[in-house]
Each structure stands twice: as structure tokens, then as C-alpha cells.
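Down below is the structure, laid out as C-alpha cells.
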Amino acid sequence: MIEAGSSEFTIQKSIDLKPFNSLAISVIAQHFCGVENITQLKMALSFAKTNNLKITPIGGGSNLVLAGDIDGLVIHIDLKGVFAEAISKTQVDIKFAAGENWHAMVGYCLENQWYGLENLALIPGNMGAAPIQNIGAYGVELCDFLQSVEVINLATAEVETLSARDCQFGYRTSVFKQSAKDRYIILSVTLRLSTVAQVNSEYPSLKAILQSSEPTPKDIYQSVCKIRRDKLPDPAQIPNVGSFFKNPIIASEIADALAVDYPELPIYPHTESTSKVSAAWLIEHCGFKGYRKGNVGVHHNQALVLVNYQGNGEDILVLADEIMSKVFQKFSVRLELEPRVYGVPD
Ligand code: EPU
């Protein structure tokens, strides 16, 4: 046990990660601690360095597949706090600590009349995880608002600030999944929101349920919550990690060829030469929607979501493999996993 400031700080051994794991499977962390401030985090990093332990940071655990026990030190990031600063008459910068819950913060911003995040309501997980995969839904992405990200560099234990540009955001990706993978732990995220209503109602399924032609931010928020509640399983009831695959980005020529054979396949423009195709459609049209394989399966309302009835992370990965092979066999398109997988041998 190590003392940190006035609060007691403990590094525990052999801890079951079930409470932190959205797929609700029992896996053991060799060492575990929760950190509520930067002093504690620095102590945890120093413990890991002294004992030569690999570090695995976890936030809300909503986008993780834990497929086996985790060696080294698992650090639960539990930093809290929100700080707002007016930038102009119409803009406000809000700095959120990494351990704040994403959806709670979307509601908090709406109450404070800081607009922009409504389309991203009900996304599970914590603030600190949001930049890693550049969360997005209903026509809006985190990178539309992000000003900066404060991180701790694991090699130096120094705090650094990355600009939006440094984060190299793309569709469900960022520098944190690419060249800077495992280099940093995110401490806080600063978003620039608007004090005047900003409404983005163009996403087809959202537009379809909006009653008014001039929706308010609150209308958007409520409609997004409704769509998600109707269509996506609640991880607290049926364990899942949201979309299990990214929508594949393929050469537009290949997408055009697929469109000839499959005119119903939803295809979205991506760059000048590439297109994004609906992974859910491809999976559904391989017959997987509602499919059950032992204790895991594919959700009956959204083919992109794998659900865990009573299985484990390995069962989910076996199912994911089966889906990827079938989709490749039928459409020659490779699916890519969206969540982060831990606990499989390197
Ligand atoms: N579709 C099917 N079968 C299905 C579901 C969808 O064919 O079972 C087709 C429909 O044609 C539908 C289209 O796919 O119109 C798009 O469906 P949806 O709006 O549900 O979006 P998605 O591409 O399946 C993405 C995100 C979701 C996000 C929604 C809404 C990814 C990997 N997923 O899903 O994000 O909520 O758009 O914007 O980009 C997540 O990342 O965890 C997540 C839930």
C-alpha cells in the first residue's frame, strides 16, 4: 500500500475486472489500481516502472474485449472534474476530466446551453476514451469539437497537451490507435461548444423521426436517445461493446462494382477515391442478424453489434472471425474490429 497525498492509494493483486468489463466476463488483472488524481497516477506509473510491469489503462470499459487475464498493472482512470471557460459571446471551451461519463456530460452540456454534442447522446464509456476512436454517431464526430487533449507520457511521466491536429483524427481512429498506441494515458479532453443552438439533423434515420422541420438541440438529443434505445442493446442488460466492426473503407471502383450486384447496399462517399460501405448490411446479408452461436450472438436489431449472453471474450472473438470470413467469402470485403482487444497472447 502506498500513501498518496491525503487519500489512501492501494495497488492490489489478482483483481477480477468484471465490474469494469462491458462484456461481463471474469478476467483477472495481475495488479490493479484506481487513480483519482495525477499524483496517484504518477505513483502507479512509478510502481509499474520499478516492477517492470506492462500498463493497461481502462476507463468505462465499454469498448474493450478482455479475452484473457491481463498481466502487469491495470489502471482504472477515475479522474473527475469539469471546467468551462467562455471564449467569445458564442463559444465556450469545456475541459472534462477523463473519468467523467460521456453521456452524463452530453446531458450536462445541454442543461448549460452549450450545444453541439446532442447527436452523440447515449454513447457508452468515459470522456478519456472518446478521442481514441474519435466517437461518432448520427452525422457528428468528436473531432468536430475537440480543441486539445491533455495526456501523460508513459515514458517520461510528464503531462503534455496535444492539439486536435496532433490527434490525427479519422473515421473511428486517431494517433492513439496508430503511431502513439500505448504511448499516453489521456487525462482530460477540451471541447469547444456553441452557446447558440447548433443543429445537425441530416442523418437519415434521425431526420425520419424528428417531428419538427426546425428541431431544437433538445429534440435532437431526445430523438437520438430514442433511436439508440429502440435499436441498440443496453450493455447493462445485454453485455455488448457497441459496433464490433468498423464500416469498411474500400476503393470507390470496388464499391461501384458491388453496387451493381447489390443495389441495396448503403454506400457513403469517404474521400475522392474511397467509399465507406455499411458493415451491418454486409453482415445481415450473410444471414447473421439475430444469429446465436452458443453463449454469444449477433443482435437481432443491429447486425453490427455482437452480444454476450453467457460466454466470454474468446467466444466473441471466435464469432467475429466466423463473420469476417463469411463476409469476405461473399463480398470480398475485409471487416476490421472496432473495439480494443486485451488479454490475447502477443
Ligand atoms: N443496416 C443494415 N442492417 C442492420 C443495421 C443497419 O442493413 O442490421 C444498414 C441500414 O441500411 C442503415 C445503415 O446500415 O440505414 C446504417 O445503419 P446505422 O444508422 O445503424 O449505422 P451503422 O453504420 O450501422 C454507425 C456507427 C454507430 C452509430 C451509427 C449511427 C460505426 C462502426 N458505427 O453504425 O456507432 O451509432 O452509425 O450514426 O461507425 C459504435 O461505434 O459503437 C456505434 C454504435
Worksheet item: If the cut-off is a Cα-Cα distance under 14 Å, which aspartates and glutamates reach Lys177, setting aside same-chain residues fewer than 8 apart in sequence?
Response: Asp166, Glu336, Glu338
Practice prompt. Excluding residues fewer than 8 places away in the same chain, name every one of the aspartates and glutamates whose C-alpha is closer than 19 Å to that of Lys42.
Written response: Glu3, Glu8, Asp78, Glu150, Glu158, Glu160, Asp182
Worksheet entry | Positive-end residue of Ser46, Val298, Asn101, charge dipole of the chain with Cβ unit charges | Val298
Worksheet item: Dipole magnitude of the range 82-228 about its Cα centre, charges +1 at Lys/Arg Cβ and -1 at Asp/Glu Cβ only, in debye to the nearest 20?
Response: 320 debye
Worksheet item: Calculated FRET efficiency, Val341 and Glu202, Cβ-Cβ r, R0 30 Å, to nearest 0.05?
Response: 0.35
Worksheet item: If packing is taken as the mean number of other Cβ atoms within 10 Å per residue, what is the order of 269-279, 107-117, highest first?
Response: 107-117, 269-279
Item to complete: Assign unit charges at the C-beta atoms only (+1 for Lys and Arg, -1 for Asp and Glu), then state the dipole size of the chain relative to its Cα centre in Debye, rounded to the nearest 20.
Response: 280 debye
Practice prompt. Pick out, from Ile123, Gln237, Leu110, the residue whose Cα sits farthest towards the positive end of the charge dipole of the chain, with +1 on the Cβ of Lys and Arg and -1 on the Cβ of Asp and Glu.
Written response: Gln237
Practice prompt. Just grab the label-to-label distance for Glu214 and Glu272, each label 7 Å out from Cα along the Cβ direction, in nm (one decimal).
Written response: 4.0 nm
Discussion item. Restricting to bridges with both residues inside the chain, how much of the DSSP beta-bridge set is antiparallel, in percent to the nearest 5?
Written reply: 80 percent
Worksheet item: With respect to the cross-link table entries Lys49/Lys181; Lys54/Lys289; Lys207/Lys276, which display a Cα-Cα separation exceeding 28 Å?
Response: Lys54/Lys289
Item to complete: Name the lysines eligible as straight-distance cross-link partners of Lys95: C-alpha to C-alpha under 18 Å, and not fewer than 8 places from it in the same chain.
Response: Lys80
Discussion item. Given a Förster distance of 25 Å, report the FRET efficiency between Ser88 and Arg165 from their Cβ-Cβ distance, rounded to the nearest 0.05.
Written reply: 0.75
Fill in: Residue-span extension gain [Val260 to Ser14] - 0.36 nm each, minus C-alpha spacing
83.1 nm
Practice prompt. Multiply the residue gap between Asn112 and Asp230 by 0.36 nm, knock off their C-alpha separation, and tell me the result in nm, one decimal place.
Written response: 39.8 nm
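None of the figures in this text is laboratory data; all of them are computed from the coordinates on show. All values derive from a computational prediction rather than experimental measurement. Here Cβ is always computed from backbone atoms with ideal geometry, including for glycine, and neighbour counts include all displayed protein chains.
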